[in-house]
Amino acid sequence: MIALRKTRAAFGIEVIDIPDHDAPVGDADVLVDVAAAGICGSDLHAYAWTPSYAFMGDLLPVTLGHEFAGTIRAVGPEARGLAVGDRVVCMPTVTCGACAGCQAGRRQDCESRHIVGLHRDGAFTRRVSLPAANCLALPDGLPLETAALAEPLAVAVNAVDLAEVRAGDAVVVMGPGPIGMAAAWVAQSRGASVLLVGLDDAFRLARAKNVGLAQVADLVSDETLEAATLRVFGRRPDRMIEASGARASLEDGVPLLRPGGIFVVSGIHAEPCTLDATRFVREKKQLRAAHDSTPESFATAIRLLHAHTGSLSRLITHRMPLARGADALALASGRQAVKVMVLPQAGAGAAERTPS
Ligand SMILES: [Zn+2]
Ligand SMILES: [Zn+2]
């Protein structure tokens with residue numbers, strides 16, 4: 001079977017042949033036929049080989065892909081709670097079970113966690129073996145392709161939870177990629193007034209409107225983040241969620257937040273940033289980091305996808321067969337796509353599909 005693999009510690013990706021699995025690798029694993037796997041910002045970092053992903057250097061080759069849904073094809077002798085034919089999504093964080101965080105039930109804080117599709121082989125291929133404990137069964141009626149949005153939506157739910165967004169809050173979300181768009185959607189669904197901000201991002205902000213986000217601003221004009229925020233809310237925001245990885249979103253955003261407000265960082269930043277700590281302290285702001293997801297946020301994401309399949313599935317802007325995986329990564333790297341789905345079961349000749 002072919003796989004979309006990171007093989008070298010340098011820019012790029014390869015579509016190569018790897019041995020087919022016919023059984024789960026570990027006794028507590030299941031083997032999943034991958035129906036759809038989304039391209040994540042982390043895949044793009046690995047593809048572009050940015051410094052924040054240098055940790056993968058010793059692990060290569062690795063098949064990328066951690067946002068996926070599929071059907072269980074085989075079950076290991078010690079895999080519990082799942083059966084052949086079950087439709088599942090995967091929580092990509094594999095925890096060690098032994099560190100202080102794991103022992104205390106804080107799996108998100110595991111100090112030797114491994115991510116499927118970054119530390120170990122992932123889902124940009126036809127079949128993937130992973131621990132049964134990382135799989136969550138899906139409700140009937142939720143299409144697998146939509147279910148493959150569960151991981152980024154769970155990341156967004158976690159970020160919104162951490163921001164303690166409440167009804168009536170004025171919330172600015174920076175970065176109209178899949179995580180920012182999903183976080184804006186979740187915050188809006190909780191009754192907040194949300195402004196999604198991009199920078200020269202006309203395509204993705206138009207898409208955000210399609211997904212149901214009421215207020216967007218493209219800072220390509222002369223308007224600053226502060227001016228756009230005051231224009232929309234008439235006051236400084238209560239909550240800000242950064243999902244752009246751009247240094248300016250922190251350096252311009254934190255001073256703009258209202259006193260006592262909460263600023264959540266969820267982007268991966270390629271460079272350090274500067275913060276006026278004195279003003280930050282005097283205004284008693286909270287700066288928090290959101291990364292990854294929790295089993296609770298995953299369960300919420302699945303529920304939301306089931307209840308709002310129509311609007312949330314519009315986060316998917318492109319679908320590509322696995323054989324065109326390199327093109328899919330290049331496409332997802334630009335600003336003319338939101339979520340690009342790789343379809344591993346589609347034949348090499350399958351056409352790219354772009355919904356209206
Ligand atoms: Zn992801
Ligand atoms: Zn651990």
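For the chain, what does -39500 (n - 2.57) per DSSP helix run (n ≥ 4), summed and divided by total residues, give at 222 nm, in deg cm²/dmol to the nearest 500?
Details: 12 runs with 102 residues, N = 356.
So the calculated ellipticity at 222 nm is -8000 deg cm²/dmol.
Any idea how far apart F280 and A10 come out in nm if each label point goes 7 Å out from Cα toward Cβ?
3.9 nm
Relative to a virtual label point 7 Å from the Cα of A23 in the Cα→beta-carbon direction, which members of region 122-146 show backbone nitrogen distances below 17 Å?
128-132
Among the lysines, which fall within straight-line cross-link reach of K209, defined as a Cα-Cα distance under 23 Å, with same-chain neighbours fewer than 8 residues apart omitted?
Excluding near neighbours in sequence, the set is K339.
Tell me which aspartates and glutamates have Cα within less than 15 Å of K284's Cα, excluding those fewer than 8 residues away on the same chain?
Correct list for K284: D238, D276.
Over its Cα atoms, what ratio of radius of gyration to 2.2 N^0.38 Å does the chain give?
Ratio of Cα Rg to 2.2 N^0.38 Å: 0.97.
Name the trypsin sites (Lys or Arg not before Pro) in region 166-245 that are in a loop by DSSP and that have at most 13 other C-beta atoms within 10 Å, would you?
In loop regions of region 166-245 (DSSP not H, G, I, E or B), the sparsely surrounded trypsin sites (Lys or Arg not before Pro) are R166, R235.
Rounded to the nearest whole Å², what accessible area per residue is found for region 263-356 with the 1.4 Å probe? Write down the numbers at each step before the final one.
Details: 4590 Å² over 94 residues.
So region 263-356 comes to 49 Å² accessible per residue, rounded to a whole number.
Ignoring any ligand, DNA or RNA, what whole percent of the accessible area of region 153-289 comes from carbon and sulfur when the probe is 1.4 angstrom?
That share works out to 53 percent.
Ranked from the most accessible area to the least, with a 1.4 Å probe and all protein chains present, what is the order of F124, F55? All intermediate terms of the calculation are to be shown ahead of the outcome.
Details: F124 0, F55 90 Å².
Heavy-atom accessible area, descending, gives F55, F124.
Starting from the Kirkwood Rh over alpha-carbon pairs, what translational D in µm² s⁻¹ does region 254-356 have by Stokes-Einstein at 4 °C and 1.567 mPa s?
Answer from the Stokes-Einstein relation: 74 µm²/s.
Counting only DSSP beta bridges with both residues in the chain, tell me the antiparallel percent, nearest 5.
Among the beta bridges of the chain, antiparallel pairing accounts for roughly 55 percent.
In 10 Å bins starting at zero, report the fraction of Cα pairs in region 153-289 per bin as a rounded %.
13, 49, 34, 4, 0
Which of rounded, prolate or oblate describes region 63-106 when judged by the alpha-carbon gyration tensor and an a/c cut-off of 1.5?
Values: a/c = 2.66, a/b = 1.58, b/c = 1.69.
In terms of gyration-tensor shape, oblate.
The values are calculated or read from the model by the stated rules, or taken from the named source; none is laboratory data. Fair warning: this is a prediction, and the values are worked out from it, not measured in the lab. As a convention, Cβ positions derive from the backbone with ideal geometry for all residues, glycine included, and neighbour counts pool all protein chains shown. We work out accessible area using only protein heavy atoms, side chains counted, and drop any ligands, DNA or RNA first. Shrake-Rupley method; radii C 1.70, N 1.55, O 1.52, S 1.80 Å.
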